[in-house]
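Some notes on the structure that comes next.
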Amino acid sequence: MIRMNYRMTFHSEIINRSQMKKLHKFFGLFLILLTLSTVQAQEIPVQPNPPHLVNDLAGVMTPEQVQQLESRLVAFNDSTSTQIVVVTLKSLNGYTPAEMAQRIGTTWKVGQKKYNNGMVILIKPKIGNEKGETFIATGYGLEGKLPDAICKRIVDEVMIPEIQKGNLVGGINAGALTVMKIATGEYKDGSFAP
């Protein structure tokens with residue numbers, strides 16, 4: 001009997017160890033998933049509270065420049081209901097400019113949900129050896145007037161030339177002004193004058 005009890009005890013320890021291994025694997029996987037979701041959520045910048053239309057998170061604009069562009073974008077939003085958000089970042093945290101701009105637009109809920117008429121103008125200035133990157137992401141409600149091809153032209157033909165001259169803020173302002181003119185129909189037939 002003693003032997004039988006010993007074997008039964010030994011057998012129950014094996015079951016417990018097996019169950020413990022499974023439990024450890026489950027909790028390990030759970031912790032990894034929890035960590036990854038937390039890290040991924042931290043990669044998208046937190047929207048300032050209260051929200052602003054100009055978010056100079058890279059610190060490339062003076063307070064006066066931020067306020068001037070903010071006033072222009074607020075007036076545009078009030079008169080058209082189209083919301084344009086400008087965001088400068090020091091890093092894209094591993095995302096492409098398109099991914100980051102779209103994630104900011106979605107996470108920050110840019111534009112009116114009913115019309116999906118928000119836009120994010122994203123600028124990651126050149127820092128050290130890293131190249132600068134710019135992207136314009138629009139909600140579906142604006143794609144009729146501002147499809148991806150037009151947004152790319154605005155970046156390439158309007159913003160980048162100013163930025164390459166060393167006028168980063170001028171490039172941001174020119175890009176914002178151009179999308180405002182296109183969105184209001186000032187430029188006809190899909191063309192615009194850079």
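For the stretch 95-175, what is the accessible area per residue in Å², given a 1.4 Å probe and the full set of protein chains?
Normalised by residue count, the accessible surface of the stretch 95-175 is 53 Å².
What is the percent of Cα-Cα separations in the stretch 52-194 that go past 26 Å?
Summing the P(r) tail past 26 Å for the stretch 52-194 gives 15 percent.
So how many Lys-Lys pairs in the stretch 94-194 land under 27 Å Cα to Cα, not counting same-chain pairs under 8 apart?
Here the count comes out as 27.
Ignoring ligands and nucleic acids, what accessible area does residue 115 show with a 1.4 Å probe (Å², nearest 10)?
Here the residue's solvent-accessible area equals roughly 120 Å².
The values are calculated or read from the model by the stated rules, or taken from the named source; none is laboratory data. All figures in this text were calculated on a predicted structure; none of them were measured in a lab. Please note that ligands, DNA and RNA were not included when accessible areas were found on the heavy atoms of the full protein model with its side chains. Shrake-Rupley method; radii C 1.70, N 1.55, O 1.52, S 1.80 Å.
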